[in-house]
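Down below is the structure, laid out as structure tokens.
The values are calculated or read from the model by the stated rules, or taken from the named source; none is laboratory data. Just so it is clear, the structure is predicted and the values come from calculations on it, not from any experiment. All Cβ positions, glycine included, derive from the backbone under ideal geometry; neighbour counts span all protein chains shown. Accessible surface areas use protein heavy atoms only, side chains included; no ligands, DNA or RNA. Shrake-Rupley method; radii C 1.70, N 1.55, O 1.52, S 1.80 Å.
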Amino acid sequence: MTNGTTGASDASEGARSPRSVLRRVWLWVANLNFWVIFGGFSGLGLLAMQTERFSPLAVVFFLMAGILPMVFQTVGSDEDEHGYEYEISNRERLRYVVSALVWSITPWGILTQILQFGGQLFAMRRYRRQYPSHDYRLPESDLTLPFDGQWTVVNGGVTEETSHSWMLVSQRYAYDFFITDGDGASHTGDGTDLEQYYAFGEPIRAPAAGRVVATKDGLRDHPWPGSGWLEWRTWDIRGNHVVLEHADGEYSLLAHLREGSVAVSAGDHVERGEVLGECGNSGHSGEPHLHYQLQDNPNFWTAASLVPQFRDATVTRDDGRRDGHEFYRPPDGDASVAYLWAGDRVANADSERVPPEQSATTDRSRSS
């Protein structure tokens, strides 16, 4: 999504076209707190149910409460605070909205929403709303990046502004990793074929030693990458995945793996760097990428996200402001620990694989 500032004219800043005003209102609404949007439309639905005249609108309001937060995830601001913007066309956004709406009214979509939002009550009770952060309930596990070569952080951070999904406690400190080339593209050609994506089929490795507690395989890789269409038929938004237990109360989830690639089973012990599967496009995935999160519970729905500390990672950042951000400084001055931020290009220090034409990466992403 472009910021629309390159064509600025000499007109006064105070002069705003109706379209510009509507866009600013749209961006303002899009950046409202999740619970404001969800609670507002849910409240309208409850009010509508109390009146005979407007009761038919109750269903519409309830649907808006569930759908709009997902829609607004595809909207970037004109000046993204952390210097990283989503690129998504209006056509892709429309496709996403339509498929998200279809998914939300399926039995599995309804069940997923109940599990996702209801499950947070368990995390809320455990922590009494004092959730883990970059300075509270830090994990003990020493993690390495779960892949070979250099990848790009497309989504994720440790602050509310940079978070993957701040209001979803289980995904608050999750990360989405892509492979991009020197132009910032994640694929060759037109990106309509899964095989054109650099990340597709790449090995995904254990970030630390641990025991496999759960796996999922057999879900198809969504065959229309980069189109905006959501895999509305999937029973599991994580797609094919692996859950590893490291230290007590520390679990890694690696999701959206390639169908048929999961190479471990529940009960297996794996060492750091052992191959778990391959990067794919299963579940709710806009294009092939890895979704990674560290959580305090093996159950995806009731877990709270922990802040992963990646050790001995090489991090390349274009924006110097990030280096001075207090939340991204290494804890206790430990330079071997890195907190990641959308736009970072990252690799393990001992990685050997060189990404495709990685010379002058330009930030680019799709939401997922």
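A few points about this structure:
- For residue 149, the amide hydrogen comes within under 5 Å of the amide hydrogens of 348, 352, 353, counting only partners 5 or more places away or on other chains and with H modelled in the peptide plane.
- Placing a label point 7 Å from the Cα of residue 213 along the Cα-to-Cβ line, the residues of region 145-173 whose backbone N sits under 19 Å from it are 169-173.
- Heavy atoms of residue 334 accessible to a 1.4 Å probe, total area in Å² rounded to 10: 50 Å²
- Across the protein chains, with a 1.4 Å probe defining accessible surface, the residues 108, 341 rank 108, 341 from largest area downward.
- Given a 1.4 Å probe and the protein chains as shown, residue 89 ends up with an accessible area of around 50 Å².
- Overall, the ratio between the Cα radius of gyration of region 124-273 and 2.2 N^0.38 Å, rounded to two decimals, is 1.12.
- Taking all protein chains together, 110, 179 sort by accessible area into 110, 179, largest first [probe 1.4 Å].
- In Å², nearest 10: area of residue 141 left accessible to a 1.4 Å probe: 10 Å²
- Global form of region 83-198, assessed from the alpha-carbon gyration tensor, a/c cut-off 1.5: oblate
- Accessible surface, 1.4 Å probe, highest first, among residues 242, 59: 59, 242
- Estimated from the Cβ-Cβ distance and a Förster radius of 30 angstrom, the FRET efficiency linking residue 275 and residue 113 is about 0.35.
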